[in-house]
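Beneath this line is the structure, given in structure tokens, with notes to follow.
Readers should treat all values here as calculations from the given coordinates under stated rules, not as data from a laboratory. What you see is a predicted model; the values in this text were computed from it and never measured. Cβ coordinates were reconstructed from backbone atoms using ideal geometry, including for glycine residues, and neighbour counts include every protein chain displayed.
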Amino acid sequence: MQNEMITTPIGRAAASDAPLLRRLRKRPRIGEALIRGFLFFCGAVSILTTLGIVFELGKESLLFFQMPKVTLLGFLTGTEWQPTVGKFGVLPLVSATLMTTFIAMLVSLPLGLGAAIYLSEYASPRARATLKPILEVLAGVPTVVYGYFALTTMTPILRAVFGEGRVNIYNTASAGLVMGIMILPLVCSMSEDALNAVPRSLREAAYGLGATRLETAVQVVVPAALSGIIAAFILGISRAVGETMIVAIAAGSGPNFTFNPFDAAETMTGYIARISGGDVAYDTPDYNSIFAIGLLLFGATLALNILSRRLAARFREVYE
Amino acid sequence: MRANLFTADANDLRRRRARGSVWQALFFFATIIGLVALAVLLVSVADRAFGLVVVEDAVNPSTLADRPLEQLSGAELAQVLRENLRPARLRAIEREQGRLETQTPAELLGLVTDEIVKPTVEQSYYLFESLFQRGRIEAEAAVKYPGARLEFKAWLTPAFIQNSMSATPENAGVRTALFGSLWIIAITILVAFPVGVGAAVYLEEYASSSNRINRIIQTNIDNLAGVPSIVYGILGLAIFVRTLGRFTSGEAFGAGGGNGRTILSAGLTMALLILPILIINAQEAIRAVPNSLRQASYGLGATQWQTIWHHVLPYAFPGILTGTILAVSRAIGETAPLILVGASSLINKDPNGPFAFFTALPIQIYNWTTRPQAEFRNIAAAAILVLVILLLSLNSVAILLRNRLSRRTT
């Protein structure tokens with residue numbers, strides 16, 4: 001029975017070759033082509049998203065810069081942001097963003113790198129298997145919860161330590177510190193990937209020369225993984241710049257050109273969230289300014305992301 | 001007096017080893033900090049979601065009847081209501097909820113509490129001070145609020161989940177927000193899942209990496225994954241709320257009207273936000289499918305789509321599912337895009353469809369956190385617990401499903 005099934009088509013083919021060849025030729029399949037087309041469209045949605053972002057941000061920003069009181073130079077160098085009285089200098093918002101980002105990186109770089117070194121160079125497989133998932137849970141906590149944590153726990157701690165007179169209820173230090181905790185898992189897991197990718201032979205060579213574990217880790221493995229670590233760090237900065245809820249809740253509302261971490265100041269993202277919180281009317285200076293600041297934010301994070309991916313790619317090339 | 005070469009070496013080695021163990025301790029400390037932070041975060045939320053409260057009643061319940069209110073029958077409770085409420089208020093209640101005689105004793109007891117006794121929380125304490133400093137709190141409450149009683153209150157109760165938004169923290173609940181979140185997530189999944197998996201299939205199975213357009217698509221997806229969520233919110237505001245407002249408000253379909261700040265806009269914005277993550281996760285799952293499976297299928301004469309539909313996708317499904325749930329749990333916790341798209345925390349009507357105005361759990365948490373009254377911090381903490389429980393159960397489902405499905409395929 002089985003034998004027959006296999007031989008029959010061949011037997012038929014021997015009878016006449018031409019129809020068989022025609023049958024075996026690749027036929028146009030409309031269904032397959034349609035499916036392929038649909039799948040291509042799915043992929044293209046991402047391109048449309050990017051175009052949509054660039055187009056909308058660009059269009060509304062253009063309207064913003066066409067307003068009589070706004071100049072590009074004034075926007076980029078002005079130190080006062082008060083749209084209601086026609087002062088459109090973005091620096092107070094930028095300085096607050098830089099403050100929170102700087103503080104966040106001050107927390108997440110040493111801790112993230114230290115944790116990555118511990119997990120990849122010191123920890124036993126079992127310790128690693130328990131510690132890593134917990135750090136991943138930290139990465140999954142919604143940012144609004146971090147915001148709550150900053151305002152209700154971190155700020156009172158700061159005020160207790162440095163004095164209520166010096167520390168404002170809303171301040172960039174609290175937001176930045178909590179943001180650092182939020183970014184910690186990202187920096188840690190990306191750095192750890194980079195450290196793990198360093199070939200074993202390098203470590204063994206160092207041990208063979210009599211280096212201790214610390215010397216091997218710090219003088220051999222970390223330098224070898226440096227571009228991957230820097231990539232992790234830059235991605236962390238990009239995440240901090242774009243983070244919204246922590247700063248919207250804990251850093252304060254109202255632009256303030258200051259570099260005092262205990263003062264309230266509003267970041268770019270915080271401003272966007274506050275202005276759009278109510279029903280913002282279309283085509284007003286407020287509405288358009290959201291897009292101008294959004295464009296700045298998008299440009300900055302995009303540049304950081306691309307830089308980070310370039311570095312990470314170069315690092316992979318070296319060892320693969 | 002020259003130092004012996006060997007002793008010098010031994011000292012040096014000891015120093016290097018000592019430095020090594022100091023740094024090992026530091027690295028370990030850095031790892032532990034993350035765990036400590038997580039623990040502190042959870043404890044501080046729980047600390048505020050439970051605790052002692054000072055409650056003051058407008059009318060002392062013992063003056064209403066000769067027995068505790070809980071022991072009264074339905075008829076007696078109705079009698080209490082008739083005696084103590086103004087006739088106009090009584091008529092309003094009967095118009096809204098039906099005649100008093102038709103209601104259950106539990107409902108009547110609720111009415112007596114809300115309308116006559118009117119307990120208000122004068123001050124709330126955190127869980128830990130409630131547990132360890134009860135004496136101090138009792139003394140303080142007795143001085144500041146002489147007529148009030150001190151009771152232990154869990155802010156996270158079944159009523160908190162069933163009630164809708166209210167201006168007083170004691171009566172507020174997350175019902176509307178929970179429904180809003182579920183509606184948004186449903187739309188997000190409906191849109192993002194097919195498109196995301198489709199894009200992943202295209203990039204992994206059809207696209208050749210030498211083609212320029214495909215390379216651009218891939219790079220573009222990687223970059224989109226790093227765009228801040230608030231930028232997606234701006235995009236949603238400009239495209240879905242404003243430009244497509246006729247469709248997202250339901251006007252074009254003869255429903256709703258008003259403006260585009262609806263559940264549909266929020267769901268679509270969230271779908272765009274999680275799409276890159278979903279695609280990247282699904283791509284990884286598809287890439288893990290062994291090539292021998294595809295070749296065996298082709299060898300039997302299956303077409304490319306048949307191979308994908310019957311072999312590649314079922315094999316990759318557990319991975320795709322896990323990736324999707326991870327992406328969706330990110331969407332549930334996202335707040336910033338919803339603010340931009342126009343979530344309003346003042347809504348107390350359950351959403352009845354994609355064209356309804358909405359609020360969502362994270363929005364409610366944000367709003368309550370930024371209120372100055374302490375009691376709102378308490379219910380914000382309770383709402384955070386609801387959100388965290390939702391996320392945890394979603395993730396457990398993901399893990400369970402993955403284990404179950406992957407056992408079947410192997």
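What the table shows:
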| item | result |
| --- | --- |
| Mean residue ellipticity (222 nm) of chain B, computed from DSSP H runs ≥ 4 via -39,500 (n - 2.57), nearest 500 | -20500 deg cm²/dmol |
| Kirkwood hydrodynamic radius (C-alpha pairs) into Stokes-Einstein, region B:275-347, 4 °C and 1.567 mPa s, D in µm²/s | 90 |
| Sorted by Cβ neighbour density within 10 Å, fewest at the top, the residues A:CYS188, A:CYS42 | A:CYS42, A:CYS188 |
| Radius 10 Å from Cβ of A:THR216, net charge of other residues (Lys, Arg +1; Asp, Glu -1) | -1 |
| Cα Rg over Rh - region B:175-409, Kirkwood | 1.04 |
| Distant-in-sequence amide H partners of A:GLN82 (H built 1.01 Å from N, under 5 Å) | A:LYS87, A:PHE88, A:GLY89 |
| Least to most buried among B:LEU244, A:LEU111, B:LEU340, B:LEU111 (fewest other Cβ within 10 Å first) | B:LEU244, B:LEU111, A:LEU111, B:LEU340 |
| Cα centroid separation, region B:70-135 to region B:292-340 (Å) | 53 |
| Charge sum, other residues only, whose C-beta stays under 14 Å from B:THR102's C-beta, Lys/Arg counted +1 and Asp/Glu -1 | -2 |
| Viscosity 0.890 mPa s, temperature 25 °C, Stokes-Einstein D of region A:80-155 from Kirkwood C-alpha radius, µm²/s | 156 |
| Computed helical MRE - 222 nm, chain A, DSSP H runs ≥ 4 contributing -39500 (n - 2.57), nearest 500 | -23000 deg cm²/dmol |
| Peptide-level mean, for A:248-254, of C-beta atoms on other protein chains within 10 Å | 2 |
| Semi-axis lengths, Å, chain B, gyration tensor of Cα atoms, sqrt of 5 times eigenvalues | 51, 38, 20 |
| Compactness index (Cα Rg / 2.2 N^0.38 Å), region B:343-405 | 1.44 |
| For region B:211-221, Karplus couplings with θ = phi - 60° (6.51, -1.76, 1.60), whole Hz, Gly/Pro x | 6, 5, 4, 5, 5, 5, 4, 4, 4, 5, 5 |
| Hz values of 3J(HN,Hα) by residue in region A:60-73 - Karplus curve (6.51, -1.76, 1.60), Gly and Pro given as x | 6, 5, 4, 4, 4, 6, 7, 5, x, 8, 9, 10, 4, 5 |
| Fully extended contour minus Cα-Cα distance, from B:ASN348 to B:VAL43, at 0.36 nm per residue | 106.8 nm |
| D (Stokes-Einstein, µm²/s), Kirkwood Cα radius, the protein assembly as shown, 1.002 mPa s at 20 °C | 73 |
| Dipole of the protein assembly as shown, positive direction: furthest Cα of B:GLY299, B:ILE332, A:PRO83, with charges on the beta-carbon | B:GLY299 |
| GNM flexibility winner over chain A from A:VAL167, A:VAL137, A:VAL198 (Cα, springs under 10 Å) | A:VAL137 |
| Hull shadow area, averaged, region A:81-319 [alpha-carbon convex hull, nm²] | 15.1 |
| Sites A:ILE157 and B:GLN306, calculated FRET efficiency, Cβ-Cβ separation with R0 45 Å, nearest 0.05 | 0.15 |
| Nearby lysines by direct alpha-carbon distance to A:LYS87 (threshold 28 angstrom, same-chain neighbours under 8 apart not counted) | A:LYS59, A:LYS69 |
| Test item: A:173-182 mean partner chain Cβ contacts at 10 Å | 1 |
| Label point distance in nm, A:ALA18-B:ARG86, each placed 7 Å from Cα along Cα→Cβ | 10.2 |
| Per-residue HN-Hα couplings for region B:378-386 [Karplus 6.51, -1.76, 1.60; θ = phi - 60°; Hz; x = Gly/Pro] | 4, 6, 4, 4, 5, 5, 4, 4, 4 |
| Formal net charge of residues neighbouring B:PHE179 (Cβ-Cβ distance under 13 Å; K, R +1; D, E -1) | +1 |
| Projected label distance in nm at B:GLU138 and A:LEU106, using a 7 Å step from Cα toward the beta-carbon | 4.6 |
| Cβ-based charge dipole, region B:175-409, positive-most Cα from B:THR219, B:ILE230, B:THR322 | B:THR322 |
| In Å, descending, principal axis extents of the Cα set of region B:51-154 | 47, 25, 23 |
